[in-house]
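Structure first, commentary second.
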Amino acid sequence: MSDKKANQPPLVRLRDLSKHFGEAETRVDALRNVSLDVRAGEVIALLGPSGSGKTTLLNIIGCILDPSSGSMELDGEVVLTDGRWVRPNLRRLRLDKIGFIFQFHNLMPFLDATDNVALVLQLAGTDPREARRRALELLDYLEVGNRRSSMPAQLSGGEAQRVAIARALANQPRIILADEPTAALDSKRAGIVMDLLRKVAVERDAAIIAVTHDEKIFDRFDRIFNLRDGRLESMSSNGMKSIMVGPGDVGERI
Amino acid sequence: MNLAYRDIRHGLGRFLLTCVGLGLLLGVVLAMIGIYRGLVVEALTIARAPGIDLWVVEANTRGPFAEASRIPADTREAIARIAGVAAAGSITYQTVEAEYQERKLRLYVIGYEPTRPGGPPEIEEGHAIARSHFEMVADRSSGLVPKDRVRLGRDTFTVVGSTRQQVSSGGDPAVYITLQDAQKLQFDLAPPATRVQLARGTGSTGRDTVNAVVARLHPNASPDAVAETVRRWKHLAAVTQEAQELILTRSLVDRARRQIGLFTSLLLTVSAVIIALIIYTMTMEKLKQIATLKLIGAPDRTIIGMIVQQALALGSIGFAIGATLIASIKDYFPRRVVLEPDNVLALGAIVIVVCLLASALGVRAALRIDPATALGG
Ligand SMILES: Nc1ncnc2c1ncn2[C@@H]1O[C@H](COP(=O)(O)OP(=O)(O)OP(=O)(O)O)[C@@H](O)[C@H]1O
Ligand SMILES: [Mg+2]
């Protein structure tokens, strides 16, 4: 990380974030006192065995799940204090500031590639022609411009995922959350998608937090965190592949 | 971009199929409403045909349709002399099975005095009865056309004119003949014993009887006042046109009307439930898409708009299909199917309301869905 980046306020700032589901015997502590700062331009990986709380953490950062306690700032704005949302209209916040990339592309099956991207632009108030123009630009940027008129069902997994990434980037969010974005792709495609995300982070000054199990793409991340029973541990700051392949580290995943 | 429209266009075949199914269902509902209205209209047709104000019938009866009525034929002269009466005519009604082209034809035979009230309304084809014997004006629904010859009782009649949609409350086509012919027909068809009595003039009723006398009043005369005057003759009763129509709908076709009415309500309820189910499941199938929309930040009004617009599109297209279908086949029903704009619009309004209510259910589910469900596989 460069000094310049280190001086900016973090795009995502989590303090003592905890989340449990259920009570008493059925209580599951999905997150325990998670604190994390992610700066613009950073690409962060979240690892951890199944059930360790990765999705839970992403959902809270994405403001679609209520935490039990803790506080959170997004892009310098306090959105959560003591486990309570303090910012009104979280949906608008998502539309403007957060891009989601899912394991399954979740494109609207009834809209073609261009309109899937244009949709979120229009929802944010961009006029329809401008939305289409920018959508086409983004599809070109993600190298799927040639499939602009295809319906999602006609796209390959990798193409669909890139359209979904275009959609996530459409409103130029500063925070991009990705839950296993490459799980549905072969390793070559996975590498291409990750390179794209890195490019976005650098060129658009965004923070990217991605859940992944994919060892082959670890070298694309600036920092890697491991979640274990809801606790966040820092694994490395890049180039720590040797640690990752050590016994017992990621071998628990299914 | 309009998500409702784009989604419909994407699954156009399925959407249209659903519309057609709904259209057939709503068509059946409309047909039932039309049959119901037709029943009431047909019940009133014969009573309305002469265009008169007062019915004079036998005392203590609600004739001539709901109950049998017999009064002397000379009653007409007495009635014509009452102040306020513009014209009066004697009239008879009887159901007769005629032989026509080697098949039985059930006819509702109306005997009237050609120069007085009681005759057929508009003649569509041919002309009114011109001679005093063996001419007939027949309704088209009987299949008889001018120049046809039909045997009634012992005589053969020639059809000279046609009317439209003149049927009895039982749906039998009406034919008009002269009063004299009708009286002879009544005599010819009476059981032999009665006939002997009638011929001797010893029967309880003479041969020169009619079923009712109809009277047309002067524009400023009160039907009730004239009716009062008529009732002073102890052997007569008077029923105003308004009261006659009430008797017909309330007692004559009452059971049939209620039967069809109840069935129509049932059908309407079933259709409402089916429409609601279709719309509700249509929304449920889209829950994951809706969760995704919420996740990427679409406001509620986008989601509500999509559900409600689709529901309304389905309802109105289905309704249009049903209405068109029934409008184009209603004339092929054996009895009248009356589609009144009021009823059609009312059903349309009901369909729209049901669609809105059903989409409200869908909207409720959609607004409740957790955006996080979009993330699952
Ligand atoms: N809605 C919920 N109700 C109850 N428990 C839940 C709920 N969501 C998650 N959990 C529990 O919280 C824990 C963390 O779940 P989470 O989905 O975050 O795991 P994960 O790390 O994403 O796992 P995976 O790699 O399988 O996707 C799990 O034990 C899970 O059973
Ligand atoms: Mg998960």
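The values are calculated or read from the model by the stated rules, or taken from the named source; none is laboratory data. The model shown is predicted, which means the values in this text are computed figures rather than measured ones. All Cβ positions, glycine included, derive from the backbone under ideal geometry; neighbour counts span all protein chains shown. Just so you know, the surface numbers come from the protein's heavy atoms only, side chains and all, with ligands and any DNA or RNA stripped out. Shrake-Rupley method; radii C 1.70, N 1.55, O 1.52, S 1.80 Å.
The table below gives the values:
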| read-out | value |
| --- | --- |
| Of residues in region B:169-191 being modelled with pLDDT under 90 and under 26 Å from the mean Cα position of the chain (by Cα), the one nearest to B:ALA47 (Cα to Cα) | B:SER169 |
| Hits in region A:132-155 (condition: of a type in the set (D, E, K, R) and assigned to a loop (DSSP other than H, G, I, E, B)) | A:GLU143, A:ARG148 |
| Total residues in region A:159-181, condition in a loop (DSSP other than H, G, I, E, B) and touching a residue at least 40 places away in the same chain (Cβ under 8 Å) | 6 |
| Matching residues, region B:364-377, being more than 16 Å from ligand 2 (Cβ to nearest atom) and either in contact with a Leu (Cβ under 6 Å, 6 or more places away or on another chain) or open to solvent by less than 20 Å² (accessible area, probe 1.4 Å) (or both) | B:ALA366, B:ILE369 |
| Selection from region B:342-377 of residues that are farther than 30 Å from A:GLN161 by Cα and either in contact (Cβ under 8 Å) with a residue 60 or more places away in the chain or within 14 Å of another protein chain (Cβ to nearest Cβ) (or both) | B:ASN343, B:VAL344, B:LEU347, B:ILE350, B:VAL351, B:VAL354, B:CYS355, B:LEU357, B:ALA358, B:SER359, B:LEU361 |
| Residue that is farthest from the other protein chains (Cβ to nearest Cβ) [pool: residues in region A:18-61 that are within 14 Å of ligand 2 (Cβ to nearest atom) and on the phi > 0 side of the Ramachandran plot] | A:GLY48 |
| Any hit, region A:28-37, residues being modelled with pLDDT under 95, within 16 Å of ligand 1 (Cβ to nearest atom), among the β-branched types (Val, Ile, Thr) and under 15 Å from A:ASP179 (Cβ atoms) | no |
| Within region B:265-310, tally of residues that are of a type in the set (Ser, Thr, Tyr) and crowded, with 21+ Cβ neighbours inside 10 Å | 3 |
| Residue list for region A:92-117, filter: more than 7 Å from chain B (Cβ to nearest Cβ) and open to solvent by less than 20 Å² (accessible area, probe 1.4 Å) | A:LEU93, A:ILE98, A:GLY99, A:ILE101, A:LEU107, A:ALA113, A:THR114, A:ASN116, A:VAL117 |
| Matching entry among A:ARG129, A:ARG189 (being in a helix (DSSP H, G or I), crowded, with 17+ Cβ neighbours inside 10 Å and away from ligand 1 (no atom under 16 Å from the Cβ)) | A:ARG189 |
| Residue list for region A:159-186, filter: charged (D, E, K, R) and within 16 Å of ligand 1 (Cβ to nearest atom) | A:ASP179, A:GLU180 |
| Residue in region A:84-94 that is touching a Pro at 6+ places or on another chain (Cβ under 7 Å) and either more than 12 Å from ligand 1 (Cβ to nearest atom) or without any contact (Cβ under 8 Å) to a residue 12 or more places away in the chain (or both) present | yes |
| Residue check, B:LEU30 open to solvent by 20 Å² or more (accessible area, probe 1.4 Å) and in a helix (DSSP H, G or I) | no |
